[in-house]
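Please read the structure below before turning to the comments.
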Amino acid sequence: MSASDVPSIAATIDLDRYPIVPLGDARAQALAGNCRAQLAATGSCLLPGFLLPDAVARMAAEAAAVAPLAHRKPGGRGATAYLAPPDESFPAGHPRRRLQTSSVGAVAYDLIPHGSLVRRLYEWDGLLNFLAAALGKDRLYRYADPLGALNIAAMEQDEHLLWHFDQTDFVVSILLQDCERGGDFEYVPNIRDAAAENYDRVWRLLDGDRGEVVRLDMAPGTLALFMGRHSIHRVTPIAGSTLRLIALLGYDTEPGTMSSERLKLARYGRTEPLAVVS
């Protein structure tokens, strides 16, 4: 990436509100500290209006252009809240055995054009370095996965995401376009931890108890940081003809991260990249 690219990418962000560069500046450090505090308290951090309106419109148009390329499994996929097959060692009805349906279209990284603004933002070191500070990590690396590094999740009428825990510590996303109705992101903060699975609370949730459910109110242009390994979450069914489009930015604390062959086949319908998109 040439130096001349950086100003145009940084200009997509409301830097008056979110001064993420230069990272050594006191305002950037304060912002990163506020993000860490939110994550510690609630498991999530929202930066509404992170992207400026013109950038949101352009990225939404880019996402809509590639949305027809999204892979979908007919009839959706069945999985447990732990994104694993049912474990028959647990009793009937247990969260480890209970199957839910899930349906979402995923556009793989290799199908997102190199010149697109959303891809250039993902590949910009200024964002990478700020996210490391905001997440309290010494350093972050972009995924090495040619399919999973950056995805566009495209959800249409009646599609939804099941109640589940992530298999990674954190997720970074930017909502680019919202649907007409539905598509709410709901979660239960820190329902489990390394010492306790708290299956009883998960069981009650899956049975319909909404006493602990929190809904995140996100508008297009919102950057979201979410600690999904310990906070169960879902996206409610989409209603209306407008796609819900969200960019999922893949980062890890170690270099060389690749998705499993099983995950790639399920999410993209293939395990190898296609011809390079210009």
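Points to keep in mind about this one:
- In the chain, helical runs assigned H by DSSP with n ≥ 4 each contribute -39500 (n - 2.57); averaged across all residues and rounded to the nearest 500, the mean residue ellipticity at 222 nm is -7000 deg cm²/dmol.
- Only one residue of 30, 150, 187 has its Cα farthest out toward the positive end of the dipole of the chain, where Lys and Arg carry +1 and Asp and Glu -1 on Cβ, and that residue is 187.
- The P(r) of segment 5-268 has a tail past 30 Å containing 26 percent of all C-alpha pairs.
- Working note: Karplus 6.51/-1.76/1.60 with θ = phi - 60° gives segment 180-196 the couplings 6, 8, x, x, 7, 8, 10, 7, 10, x, 6, 6, 9, 8, 5, 8, 8 Hz, where Gly and Pro are set to x.
- Spin-label proximity, residue 114 to segment 140-154 - amide N less than 20 Å from point 7 Å beyond Cα toward beta carbon: 142-152
- The calculated FRET efficiency for the pair residue 190 and residue 27, based on their C-beta separation and a Förster distance of 45 Å, comes to about 0.95.
- The magnitude of the dipole of the chain, with charges of +1 and -1 set on the Cβ of Lys/Arg and Asp/Glu and taken from the Cα centre, is near 340 debye.
- The angle between the Cα long axis of helix 26-42 and the longest principal axis of the Cα atoms of the chain comes to about 0 degrees, rounded to the nearest 10.
Readers should treat all values here as calculations from the given coordinates under stated rules, not as data from a laboratory. Keep in mind that what you see is a predicted model, and the values were worked out from it rather than measured. Counting neighbours? That spans all protein chains shown, and the Cβs are built from the backbone with ideal geometry, glycine included.
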